[in-house]
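The values are calculated or read from the model by the stated rules, or taken from the named source; none is laboratory data. Here the structure is a predicted model, which means the values were calculated and not measured. Cβ atoms come from the backbone with ideal geometry, glycine included; neighbour counts cover every protein chain shown. With ligands, DNA and RNA removed, areas are computed over all heavy atoms of the protein, side chains included. Shrake-Rupley method; radii C 1.70, N 1.55, O 1.52, S 1.80 Å.
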Amino acid sequence: MRKNIAIVTGASCGMGREFVRQLAKKEPCIEEIWAVARNRTALEALQREVSSVRIFSTDMTKQASFDSLKLVLEKEKPHISWLVCSAGAGTQKEVAKTECRDLENMIQLNCTALTLMTRLCLPYCRNGQILLLASGAAFVPQPGFAVYAASKAYVLSFARALRRELKGQVRVTAVCPGPVDTPFLDKMGGREHMPAFKKPFIASPHSVVRKAIKDGKKGRELSVYGISMRVTQIFCKLLPHRIMINIMYKSKRGVDRA
Ligand SMILES: NC(=O)c1ccc[n+]([C@@H]2O[C@H](COP(=O)([O-])OP(=O)(O)OC[C@H]3O[C@@H](n4cnc5c(N)ncnc54)[C@H](OP(=O)(O)O)[C@@H]3O)[C@@H](O)[C@H]2O)c1
């Protein structure tokens, strides 16, 4: 009998950890949750809280991580009923002011690792559910956040195309939150550097994850939490992007000068 599992990347904190907690509660048929992240201590704390957690402490920007996970998958041949790719990083600075290694890390983790992880898991995912963490930043290019927004536009595009390729076999949902109250906001330079227009949109990880799981089960293409983000999404569709880009650039400049 194949073991029924969920794999959650970025599980040591933020939304990834919340996905682990909520999947453990809401999906009793999941026997193990494979929690992937670098911070072993945080994963061990999560394991004490959620007994079905199995720790995979690894750096997803390293090819060796995928080689060892591939070996485990080939050996155990589990059924992956949920794959949640939540590991991600962002730097909120203009491109010319960002270190090359930070740009590379964002692309490596947000695009390459997410793609490789998805590909690696696909043979085990039949009739399963894939949630790929994109962002509201995927809706329009964002000066001051250019590479992050571009990396999330990649995730959104990838998720939508993959969904069509896997129709009838695996449900794929792109999760596109606005700002969420997780350590991510501090890592990317602190809330004080966030443009004012984004601050009222900060959501709780609990609510965003609850909606993402619901939308995933309903087989929705996108999961967009909150009325403000849905309005933003509509504006991004209706207004010419050069206008949106200018608004964002000016509001960002205002924050940098303050
Ligand atoms: N928070 C927001 O405002 C927001 C909004 C929209 C979209 N998102 C996206 O949603 C996802 C989750 O964000 P979050 O807010 O939960 O972020 P977070 O709190 O910063 O958590 C990021 C997770 O990624 C893991 N990670 C980072 N680098 C890694 C690496 N090299 N290898 C393996 N794991 C790595 C981190 O664990 P370790 O450090 O232990 O490795 C952590 O568990 C991300 O993709 C993010 O881009 C976030």
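Pairing the Cα long axis of helix 40-49 with the longest principal axis of the chain, what angle in degrees results, from 0 to 90 and rounded to the nearest 10?
Long axis of 40-49 versus the principal axis of the chain: about 70 degrees.
Would you mind checking Lys77/Lys218; Lys26/Lys199; Lys26/Lys214 for any pair whose Cα atoms are more than 20 angstrom apart?
Lys77/Lys218; Lys26/Lys199
Using Cα-Cα distances under 8 Å and only pairs 6 or more residues apart, what relative contact order does region 4-257 have, in percent?
18
Shape call for region 33-168 from the C-alpha gyration tensor, a ≥ b ≥ c root eigenvalues: rounded (a/c under 1.5), prolate (a/b greater than b/c) or oblate?
In terms of gyration-tensor shape, oblate.
Restrict the search to region 116-215; then list the trypsin sites (Lys or Arg not before Pro) that DSSP places in a loop and that have at most 13 other Cβ atoms within 10 Å of their Cβ.
Filter output for region 116-215: Arg126, Lys167.
Write down the Å³ per residue value for the convex hull defined by the alpha carbon atoms of region 4-257.
Per residue, the Cα convex hull of region 4-257 comes to 119 Å³.
Given an 8 Å cut-off on Cα distances and at least 6 residues of separation, report the relative contact order of region 31-161 as a percent.
Computed value for region 31-161: 24 percent relative contact order.
Mark the label point 7 Å from the Cα of Tyr249 along Cα→Cβ and return the residues of region 70-98 whose backbone N is within less than 17 Å of it.
Counting backbone N atoms under 17 Å from the label point, the list is 93-97.
Angle, helix 205-217 long axis vs. longest principal axis of the chain, Cα atoms, 0 to 90°, nearest 10?
60
Helix 14-26 versus the longest principal axis of the chain: what angle, 0 to 90°, nearest 10, using Cα atoms?
40
Take the solvent-accessible surface of the protein heavy atoms, probe 1.4 Å, and return the percent of it on region 4-257 that carbon and sulfur atoms account for.
Of the solvent-accessible surface of region 4-257, carbon and sulfur hold 55 percent.
Could you give the accessible area per residue of the chain, probe 1.4 Å, as a whole number in Å²?
Per residue, the chain has 50 Å² of solvent-accessible surface.
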